[in-house]
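Please read the structure below before turning to the comments.
The values are calculated or read from the model by the stated rules, or taken from the named source; none is laboratory data. Bear in mind the structure is a predicted one, so any value in this text is a computation, not a measurement. As a convention, Cβ positions derive from the backbone with ideal geometry for all residues, glycine included, and neighbour counts pool all protein chains shown. Note: areas computed on protein heavy atoms with side chains; ligands, DNA, RNA excluded. Shrake-Rupley method; radii C 1.70, N 1.55, O 1.52, S 1.80 Å.
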Amino acid sequence: MRLVKHKTPTGRPHRVAELLRERLALILLFKCADPRLKEVTLTEVEMSPDLRQAKVFYVTRENVDRDLVQIALDKAQGFIKAEVARENLFRLMPEFHFLPDPGLDRAARVEELLKEAGVAADSMKEDDT
């Protein structure tokens, strides 16, 4: 009788995602010629368990048009893939999906709601006195 070992989940996709985030940030900052890509900060990369898909989340500065940045990222995707391929990080190159990071927008919205609630709470306190 042979014992079957169950594979324990490793943190490999997470480690690969962090390494990929660092490499992509360096490529965008130092190797891409498009100045719109210098305004991008990569916040997170999520890798699929098979390492074939990579969701790359980014934020831009407030005064930068997100649509233009998305167009620039889509246009530079071939160059970015070629640069990643040069570093021999992957046996098979993953598909990159560049997405705006919704986390900061949510945080700004929560802050806005809290301010509104604070104004409402302050006006209720004034009514009580």
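Here are a few things to note about the model shown:
- Residue that is most open to solvent (accessible area, probe 1.4 Å), among those in the stretch 49-65 that are of a type in the set (Lys, Arg) and more than 10 Å from Glu39 (Cα to Cα): Arg52
- Within the stretch 27-40, being in a helix (DSSP H, G or I) and either closer than 17 Å to Asp74 by Cα or open to solvent by less than 80 Å² (accessible area, probe 1.4 Å) (or both) holds for Ile27, Leu28, Leu29, Lys31, Pro35, Arg36, Leu37, Lys38, Glu39.
- Of all residues assigned to the stretch 83-105, none qualifies as being more than 30 Å from Gly11 (Cα to Cα), open to solvent by less than 90 Å² (accessible area, probe 1.4 Å) and either assigned to a strand (DSSP E or B) or at pLDDT below 95 (or both).
- Checked against (1) more than 18 Å from Asn88 (Cβ to Cβ); (2) touching a residue at least 60 places away in the same chain (Cβ under 8 Å), Arg23 passes all but a single condition, namely (1).
- Residue in the stretch 115-124 that is modelled with pLDDT of 90 or more and hydrophobic (A, V, I, L, M, F, W, C) present: no
- Within the stretch 59-77, residues that are more than 15 Å from Thr41 (Cα to Cα) have Cβ atoms under 9 Å from residues that are outside any helix (DSSP H, G or I) in these pairs: Asp74/Phe98; Lys75/Asp34; Ala76/Cys32; Ala76/Ala33; Ala76/Asp34; Gln77/Phe96; Gln77/Phe98, counting only partners at least 6 apart in sequence or on another chain.
- Across the stretch 52-76, the number of residues qualifying as over 16 Å from the mean Cα position of the chain (by Cα) and either in a loop (DSSP other than H, G, I, E, B) or closer than 14 Å to Asp101 by Cβ (or both) comes to 5.
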